[in-house]
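Each remark here refers to the structure printed beneath this line.
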Amino acid sequence: MSTQLRLDLPVRTALGRRDFFVSDANALAVAQVDRWRDWPSRKMILTGPPKSGKTHLCHVWKNEAQAEIVPAESLPHLPIPALAQTSVCVEDVDQIAGNRDAEEALFHLHNMVLSEGHSLLLSAQKPPMHWDLCIPDLKSRMMGTDVAQLEKPDDQLLAAVLNKLFTDRQIVPMPDVIPYLVRYMDRSFDAADRIVELLDSAALGTPRGVTRALASKVLKGLEINEEQP
């Protein structure tokens, strides 16, 4: 049997609407983002753990709302008045808490976008009560914004995420691999991303690619590493 070769191709993350799988764990948040034209005060905060689909959903909204996407940490270096001429998505807003320049830029962007009649989507891992913002006026505006929360994955969503992560890496696992992982892996998006990355490396040079036996080996390796001090 010939040895499997992995081409040196970049990982292409699919960010289209068709690629976003909806289950009970995220259906409410997706519906809230879909109804963006009806948002109170034309703004919404999207929260969820790492790798939960925030960026993917932000890109879906960007395409539907004809919006711009910017990382929160870049705001002090951007032309805020020009940016506010369209709807805007600001990612990882919780990461700028305590950064006065970035907070001030977000405060002005928030006010300008809304005054121009556009919409504002903000993403973060946790709701604004946990952000520890230093500018009171910005904090009050964030606290007054509705929150759409992506929950931890159920079986359906975890299986779909694993399938997408494999597809992004041009990997076709054996049919029993994903059901096995869903049953035994840590139930988080971060874990799914890490496991697929490890399986991608472990399968290099093997004749059968990603098998259940290889998946079992990777999971056991993760358990051993987590137990070590």
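Counting only C-alpha contacts under 8 Å and six or more residues apart, can you give the relative contact order of the chain as a whole percent? Display every interim value, and only then the final one.
Details: 348 pairs, mean separation 60.8, N = 229.
Contact order relative to length: 27 percent.
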* Normalised by the residues of the range 58-189, what does the relative contact order come to in percent, with Cα pairs under 8 Å and at least six apart? -> 20 percent
* To do: Over the chain, give the accessible area per residue in Å² for a 1.4 Å probe, as an integer.
  => 55 Å²
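Just want to confirm a number: the relative contact order over the range 169-221, from Cα pairs under 8 angstrom separated by 6+ residues, in percent.
Working: 35 pairs, mean separation 25.7, N = 53.
Relative contact order, the range 169-221: 48 percent.
How would you rank 117-123, 97-103, highest first, on the average number of other Cβ atoms within 10 Å across their residues? List each step's numbers first, then the result.
Working: 117-123: 21.1, 97-103: 16.9.
Listed from highest to lowest mean packing, they are 117-123, 97-103.
Return the carbon/sulfur percentage of the accessible area of the range 106-198, one whole number, probe 1.4 Å, all protein chains in place.
Numbers: 2280 of 4580 Å².
Using a 1.4 Å probe with all protein chains present, the range 106-198 comes out at 50 percent carbon and sulfur.
When a/c is below 1.5 the answer is rounded, else prolate if a/b is larger than b/c, else oblate, so apply that to the range 128-218 with a ≥ b ≥ c taken from the square roots of the Cα gyration tensor eigenvalues. Mind showing how you got there, number by number?
Working: a/c = 3.63, a/b = 2.84, b/c = 1.28.
It comes out prolate by the Cα gyration axes.
Before rounding to the nearest 500, sum -39500 (n - 2.57) across all DSSP H runs of length at least 4 in the chain and divide by the residue total; then give [θ] at 222 nm in deg cm²/dmol. Don't skip to the answer; put the middle values down first.
Numbers: 9 runs with 100 residues, N = 229.
So the calculated ellipticity at 222 nm is -13500 deg cm²/dmol.
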* To do: Could you please state, rounded to a whole Å, how far the C-alpha centre of the range 165-225 is from the C-alpha centre of the range 102-147?
  => 38 Å
* In nm, to one decimal, how far is the modelled label at residue 78 from the one at residue 170, with both set 7 Å along Cα→Cβ? -> 3.3 nm
* **Partners for residue 164 among aspartates and glutamates (Cα-Cα distance below 15 Å; same-chain residues under 8 apart left out)** => 19, 155, 190, 193, 197, 200
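The values are calculated or read from the model by the stated rules, or taken from the named source; none is laboratory data. In this text the structure is predicted, and so the values were computed from the model without any measurement. Positions of Cβ are generated from backbone atoms using ideal geometry, with glycine treated the same way; all protein chains shown enter the neighbour counts. Calculation scope for accessible area: heavy atoms of the full protein, side chains included, ligands and nucleic acids excluded. Shrake-Rupley method; radii C 1.70, N 1.55, O 1.52, S 1.80 Å.
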